[in-house]
1. Mind ordering 247-253, 133-139, 101-107 by average Cβ neighbours within 10 Å, highest first?
2. What is the distance, in nm, between label points placed 7 Å from the Cα along the Cα-to-Cβ direction at Asp194 and at Arg225?
3. Report, in whole Å, the centroid distance computed from the Cα atoms of the range 134-191 and the range 201-275.
4. 7 Å from Cα along Cα→Cβ at both Glu10 and His167: what's the point-to-point distance in nm?
5. What does DSSP give for the range 14-273 in terms of the percent of beta bridges that are antiparallel, rounded to the nearest 5?
6. List the lysines whose alpha-carbon lies under 25 Å from that of Lys154, not counting same-chain residues fewer than 8 positions away?
7. Can you work out the accessible area per residue across the chain, with the rest of the protein chains kept in place, probe 1.4 Å, in square angstrom?
8. What whole-number volume per residue, in cubic angstrom, does the convex hull of the C-alpha atoms of the range 102-256 give?
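The values are calculated or read from the model by the stated rules, or taken from the named source; none is laboratory data. Predicted, not measured: the structure shown is a model, and the values here were computed from it. Note that each Cβ is placed from the backbone with ideal geometry, even for glycine, and that neighbours are counted across all protein chains shown. Calculation scope for accessible area: heavy atoms of the full protein, side chains included, ligands and nucleic acids excluded. Shrake-Rupley method; radii C 1.70, N 1.55, O 1.52, S 1.80 Å.
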Amino acid sequence: MNSFPPFPQENARIGLLGVAFDENSSYKRGSVLAPQRIREAFFCDSANLWTEDETDLGADGLFADAGDIAPSAGEMPVAVEQAAGRFYEAGLKVIALGGDHSVTYPLVFAAATHHPELSILHFDAHPDLYDNFEDNPYSHASPFARIMEAGLVKRLVQVGIRTITGHQRQQAKRFGVEVLTMRNWRDVFDLQFDSPLYLTFDMDCLDPAFAPGISHREPGGLSTREALSVIQSLQVNIVGADIVELNPTQDPLNVTEMVAAKIFKEIAAKMLKYA
Ligand code: MN
Ligand code: MN
């Protein structure tokens, strides 16, 4: 296999969607290029398609790929929700490749429609809880304010956080968000969930030493190994996931896209473990 088979695909278990969209970025553009680069890294001949728990992601019938959508800012929420919704209606789990983090609001909307009592595990340097960032309530700095206001999930747990402001601290309190900050980073190895999980992975949760190809480099983050260990430690049914904020224009050695592909593989392996 050197590309994913197209959706629909009989008996597929994970639907893939690329969201080539970065117009809600507040600082640097470039994550629009990420979906294609993560696909290329996934199939790069330097590696193979087996995961660390010895799952062969190259086996027939695991994936069905709807390709990339490239919506305008106005079209984005509905286009993403509909594209993800088609997978859930077909009984698939979903992995979306962003794009900036604003795509997560409609992705979670689609997931929550089909999976009530959803919880979110959110990897990020930033809590993304701004009520309204630079006059854009749909900014990539705000998706979790929108998700919590809409009551889409029963729990939001954030890990990797190291940039929280006073306003966002208030927002976290208002919405009951469980913020695990990097000051107390060892707490991330003891996460328990008792309901279906949506996993959203902002690449800037990682220390920029490991993943420099991002738009907001915030030192003091998780190592790639630590993030993988958190994912591998989960004992929960992951129904949807996204990997966002890879910025290929900031990734001259293509190291960050390989990290994104690795995260993708280990999330997929964990998804396949639970019905
Ligand atoms: Mn984010
Ligand atoms: Mn971030």
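1. 101-107, 247-253, 133-139
2. Label at Asp194, label at Arg225, 3.4 nm between them.
3. The distance from the Cα centre of the range 134-191 to that of the range 201-275 comes to 18 Å.
4. Using points 7 Å along Cα→Cβ, the separation is 5.4 nm.
5. Restricted to the range 14-273, the bridges split so that about 10 percent are antiparallel.
6. Lys93, Lys173, Lys270, Lys273
7. That works out to 41 Å² per residue.
8. Cα convex hull per residue, to the nearest whole number: 108 Å³.
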